[in-house]
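Here the structure is laid out as structure tokens; the discussion comes afterwards.
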Amino acid sequence: KDTIIESVPDTAQVYRAAGLLSDHPGLKIARVTTVKETHDGIRKLIVRGEIENVASGPVPVPSLELTMLGEGADKLYEWTAAAATSQLGAGEKGRFTAVAHGFPEGVRDVKVSFTPPK
């Protein structure tokens, strides 16, 4: 992928549209888990995961964009959450937790990505 992008820079847009290229190189989201809970009649969707710096130096950590997906990957709801840290050193890992209260019915999956750069 990197070789193709270096040779034909316009292909970066195709890879990005397919979700195969990050706007935040050097960071990787991993070990995402979701748990549905109900307390006092209020439903909560809790999303936890890990952010890893795979770069050779420090990298700023942007906010996270979470998208609840329904049947057929239909977008049901989106929200943002901050990571637990604003920067990770080379090889460091950080964790995140995001909670949605009263989420819509039919949630099948949650996609987690970094917010686009401004």
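From the mean inverse distance of alpha carbon pairs (Kirkwood) and the Cα radius of gyration, derive Rg over Rh for segment 53-118.
Details: Rg = 14.1 Å, Rh = 13.3 Å.
Using Cα coordinates only, the ratio equals 1.06.
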*asked:* Skipping prolines and chain starts, which residues have an amide H placed within reach, meaning under 5 Å, of the one on LEU76, given they are 5 or more residues away or on another chain?
replied: MET68, LEU69, GLY70
*Among residues other than GLY102 whose Cβ falls under 11 Å from its Cβ, what is the net charge (Lys/Arg +1, Asp/Glu -1)?*
+1
*Just in segment 23-118: which GluC sites (Glu not before Pro) are loop by DSSP and have at most 16 other Cβ atoms within 10 Å?*
GLU92, GLU105
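Read the figures in this text as sums done on the coordinates, not as results from a lab. In this text the structure is predicted, and so the values were computed from the model without any measurement. Cβ coordinates were reconstructed from backbone atoms using ideal geometry, including for glycine residues, and neighbour counts include every protein chain displayed.
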